[in-house]
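Working notes, structure below.
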């Protein structure tokens, strides 16, 4: 990173701090008087929520950088291998069996099923020592459809808990606790550090497998390792927050347009970009229909889906001409 990058990142960090303060102190409940109930809301509800926003946003954005480099496709995102659908299935089962009343019950089951889903998909895509990215994508899409069908059946059979399952699958930060924040932070810090170390190798992977191999990169081993690390990070986030889409797609792509294709620069900018995107989405989710709260995933999708359509339109124009 150049000197100007540190200056820009400092400016982005200042924006993050301002948004974090706004998210903590402004909402449907006025806490300006700082009574005992105000302090409880601030310290036990809003601060954990703000911290989770920052962690989830940065994690999903960095995972998006990694996936887009591995698949050499700017339209890839962290949910492409079924992490979100696997976690949703686990959360649905946990809610149906009443494990949502146990501390970390839903989180733990969602985390396990997310990892299990990705493990199955990676096994399906593996042929010998190689893992074909095309087969990996197709297996991920198929598994997503299969699990979505199973979740739909669960919601139909257990209509009493249907609203809980639906709200979880749309993403929610309402029940986040400090224990969730600590667990997710540990996974995210370790994962982001590893992906940053591998940033130069991710740049080389963008050249293609043959060129990367000729430059001394163990392509298959690197891809598997980064996919596993990214999956662990994404699973940790999704198991605590539910499915919050498009963060890992939109943020890295915008950053890439602004700073170029070097992952050594994209990753730091994406950390702050993910935080800003998530904090802004959370503020909107809590205030747009106050005192009711919208699922944060609906806000990120409302922004991300049109952006995704725009990317597809641009890609189609380039192919046409």
Need pairs with beta-carbon distance below 7 Å; first residue in contact (Cβ under 8 Å) with a residue 40 or more places away in the chain and within the stretch 215-238, second surrounded by 22 or more Cβ atoms within 10 Å (Cβ to Cβ) and in a loop (DSSP other than H, G, I, E, B); sequence gap 6+ or separate chains.
230/78; 231/81; 234/78
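Let's see how each residue does on (1) modelled with pLDDT of 90 or more; (2) more than 30 Å from residue 262 (Cβ to Cβ):
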site	(1), (2)
6	no, no
9	yes, no
51	yes, no
56	yes, no
103	no, yes
Qualifying positions in the stretch 148-197 - in contact (Cβ under 8 Å) with a residue 40 or more places away in the chain and assigned to a loop (DSSP other than H, G, I, E, B)
158, 170, 171, 172, 173, 174, 176, 177
Can you confirm whether the stretch 118-135 contains a residue that is touching a residue at least 24 places away in the same chain (Cβ under 8 Å) and under 20 Å from residue 246 (Cα atoms)?
yes
Tell me whether the stretch 31-52 contains one or more residues that are in contact with a helix residue (DSSP H, G or I) (Cβ under 9 Å, 6 or more places away or on another chain) and under 30 Å from residue 122 (Cα atoms).
yes
For the subset of the stretch 266-315 comprising residues that are assigned to a loop (DSSP other than H, G, I, E, B), touching a helix residue (DSSP H, G or I) at 6+ places or on another chain (Cβ under 7 Å) and touching a residue at least 60 places away in the same chain (Cβ under 8 Å), which member is farthest from residue 29 (Cα to Cα)?
295
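Conditions (1) on the phi < 0 side of the Ramachandran plot; (2) loosely packed, with under 14 Cβ neighbours inside 10 Å, marked per residue:
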{"residue": "114", "(1), (2)": "yes, no"}
{"residue": "118", "(1), (2)": "yes, no"}
{"residue": "128", "(1), (2)": "no, yes"}
{"residue": "134", "(1), (2)": "yes, yes"}
{"residue": "137", "(1), (2)": "yes, no"}
{"residue": "152", "(1), (2)": "yes, yes"}
{"residue": "162", "(1), (2)": "yes, no"}
{"residue": "173", "(1), (2)": "yes, no"}
{"residue": "176", "(1), (2)": "yes, no"}
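The values are calculated or read from the model by the stated rules, or taken from the named source; none is laboratory data. Treat the numbers as computed from the prediction; the structure is a model and nothing was measured. FYI the Cβ positions are ideal-geometry reconstructions off the backbone, even for glycines, and counts take in every protein chain you see.
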